[in-house]
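The values are calculated or read from the model by the stated rules, or taken from the named source; none is laboratory data. Note that the structure is predicted; figures quoted are calculated from it, not measured. Here the Cβ positions follow ideal geometry from the backbone for every residue, glycine too, while neighbour counts run over all protein chains shown.
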Amino acid sequence: MRAVWHVGRLRRLLATTVVLLALVGCAGRHHSGEGSDSSGDFRGPIDVGNGRHIYLECRGKGSPTVILESGYHNSSDPWSQSDADAPAVGPAVLPALAGAHRVCAYDRPGTLRNSDPPTLSDRSSPVAMPRTAQDVVGDLHALLAAARLPGPYILVGHSLGGLFARLYAQSYPDQVCAEVFVDAFGVEIPSLLGSDWPAYRQALDAPLPQFADSSSFEVIDIDKSVAQVADAPVFPPIPIVVLTRTEPFLIPPNVAPEQGARLEQAWRDAALDLVGLRPQTPHLIATGSDHFIQIHQPDLVTAAVALATQRAAPPH
């Protein structure tokens, strides 16, 4: 049976468990390191070899370490931003989790800063585009090693970042003890959309007009990435939590309403497939939220991490 948790219940869970998180969960498999993982705030470039650096931001201390993976074209900014509508409350996800965890977010190359107007992040070295999920996973693995961040990790993936987090767990199962999928892109979406998929993929890939001539703007070969997930080892036996929005995507005027309806259905069907990855997976419905649940209901994402941490605790 799939469990659907109400927001209020998860917020109460957060209030009663947050002070204990550094002592439970994946902490039993914790190993120490030196460098950016030691304690305190860290913001800056990390040398990952081959003449490249990747921007990393970390706060707090405590195990398990939480790694925040942003969605398509997004820098790490959304994890540090909060625009919560009552009864949802802030602070943003990254500082909220820092009370009990070492928590880190990073900029993939070619992603956008959440500025007004948006700007292309120059904090990570540019790379040739397009890329695949395997390239992203390789970068993250190199970054965690170079920064000497202690594992195991809870990976929190938003949108297409959920696909990256999923492939990371399949590629390095001994490093991941839980995952949280925040309105994540399910690998079934292309097949569920059928003939609508090519147009939707093109819309996903398209840069903002001001970046149309930029060779460094992030482009992911989603079809190849989906195939990489299918070819990878099976998803490991770790607890997961799935969050799903209720508000529809904004559909351009030139898109027929029935296409928008098929997109919404495909996204929700794929979310149920994510829930089915592991038995008894909580499926949290972020009522009233759009795609950026971490900005509009950051406390729900933080509570989901608390729940995933509890479920990853070794049996007593």
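Among the residues of region 159-170, are any more than 17 Å from the chain's Cα centre (by Cα) and in contact (Cβ under 8 Å) with a residue 12 or more places away in the chain? No, that holds for no residue.
Taking the criterion of being of a type in the set (A, V, I, L, M) and closer than 12 Å to residue 96 by Cβ, the residues of region 293-309 that qualify are 300, 301, 303, 304, 305, 306. Within region 233-249, does at least one residue satisfy the condition of being over 21 Å from residue 69 (Cα atoms), surrounded by fewer than 18 Cβ atoms within 10 Å (Cβ to Cβ) and more than 21 Å from the chain's Cα centre (by Cα)? No; the residues of region 233-249 include none that is over 21 Å from residue 69 (Cα atoms), surrounded by fewer than 18 Cβ atoms within 10 Å (Cβ to Cβ) and more than 21 Å from the chain's Cα centre (by Cα). Taken as a whole, the structure places residue 151 among residues that are buried (at least 20 other Cβ atoms within 10 Å of the Cβ), small (Gly, Ala, Ser) and at pLDDT below 95. Annotation note: Cβ proximity below 6 Å between a residue of region 126-140 that is over 13 Å from residue 161 (Cα atoms) and a residue that is aliphatic (A, V, I, L, M) (sequence gap 6+ or interchain) occurs for 129/219; 130/219; 131/220. Quick check on region 64-86. Is at least one of its residues more than 23 Å from residue 169 (Cα to Cα), modelled with pLDDT under 95 and exposed (fewer than 14 other Cβ atoms within 10 Å of the Cβ)? Yes; the residues of region 64-86 include at least one that is more than 23 Å from residue 169 (Cα to Cα), modelled with pLDDT under 95 and exposed (fewer than 14 other Cβ atoms within 10 Å of the Cβ). Scanning region 261-276 turns up no residue that is part of a loop (DSSP other than H, G, I, E, B), touching a strand residue (DSSP E or B) at 6+ places or on another chain (Cβ under 8 Å) and over 17 Å from residue 68 (Cβ atoms). Of the residues 233, 252, 279, 237, which single one is touching a residue at least 60 places away in the same chain (Cβ under 8 Å) and in a loop (DSSP other than H, G, I, E, B)? Exactly one residue qualifies, and that residue is 233.
If you go through region 137-169 and keep only what is under 17 Å from residue 312 (Cβ atoms) and assigned to a helix (DSSP H, G or I), you end up with 165, 166, 168, 169.
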